[in-house]
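First the structure, in the form of structure tokens, and then the observations on it.
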Amino acid sequence: MLNRTLILHGWGGSDFPHWQSHLASEIAKNYGTVSFPLLDNCHFPSKNRWVKQVKKILEEFKPHTVVCHSLANTLWFWLCQEEMLEVERLIMVSPPSLITNENTIKTFFPCRIPQNLYAKKIEMIVSDNDPYIELDEAESMAKAIGALFTVVEDAGHINADSGYGKWGLIEELVLK
């Protein structure tokens, strides 16, 4: 069975040199099937528009693996408020606090953890010094959703600004 991977970026996108753009390239280089869409108005996102856009992508692309970074994790929680098709794996990287107060992305918050994440296997990767979430909140979130929990030391928000371009750990997780 062909593995289809959907990569969902956070606020502002994840274009080169972000690790998500490298991951999309590596999947394609290894003859994998990848969808790495630029979500609508990524610098000034609307929860309702993003939910609608990603619902359509999920229906058409039918991914096996979904890789979320930052605000895309919150978006996934909102998508799970309604029934949807289950994916094999959900990899959540650097989810923000569920009570984030950033004005530009206020339509996404506050957000509650859904009862069902529609994924057979869930992995969460966080940094011990992410400016958008405290480690204890991330750990309790992972526990609440039954996620395998990995902490990367001193990695900030695990994005290009904190030095995460090509990232071996995520490539190994997704391509294995």
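Each value in this text was obtained by applying a stated rule to the coordinates, not by laboratory testing. Just so you know, these numbers come straight off a predicted model, no measurement behind them.
Between Leu8 and residues 5 or more places away or on another chain, which pairs have amide H atoms under 5 Å apart, with H built 1.01 Å from N, and which residues are they?
Val67, Cys68, His69
Mind checking the alpha-carbon convex hull of the range 1-88 and giving the volume per residue in Å³? Let's see the in-between values first.
Working: hull volume 7.5 nm³, N = 88.
Once divided by residue count, the hull of the range 1-88 is 85 Å³.
Size of the range 76-135 along its principal axes in angstrom, Cα-based, largest extent first?
31, 26, 16
Using a Gaussian network model on the chain with a 10 Å cutoff between Cα atoms, which of Thr150, Thr74, Thr65 fluctuates the most?
Thr150
Quick one: pull the percentage of alpha-carbon pairs in the range 103-176 with a separation above 17 Å.
Cα-Cα pairs of the range 103-176 separated by over 17 Å account for 55 percent.
From the alpha carbon gyration tensor of the range 105-147, can you work out the equivalent ellipsoid semi-axes (sqrt of 5 times each eigenvalue) and give them in Å, largest to smallest?
Details: eigenvalues 66, 51, 15 Å².
Gyration-tensor ellipsoid for the range 105-147: 18, 16, 9 Å.
Distance between the C-alpha centers of the range 9-42 and the range 49-105? Whole Å please.
A separation of 14 Å, based on Cα centres.
Name the long-range amide H neighbours of Leu90: under 5 Å, sequence gap of 5 or more, or other chain; modelled H, no Pro or chain starts.
For Leu90, whose amide H was placed from the backbone, the distant partners under 5 Å are Val66, Lys121, Ile122, Glu123.
Stick to the Cα atoms of the range 4-175, pair each with every other, and give me the Kirkwood hydrodynamic radius in Å at one decimal.
Working: mean 1/r = 0.0631 Å⁻¹.
This gives a value of 15.8 Å.
Using a Gaussian network model of the chain whose springs link C-alpha atoms within less than 10 Å, name the residue from Val67, Val152, Val54 with the highest mean-square fluctuation.
So, out of Val67, Val152, Val54, the one fluctuating most is Val152.
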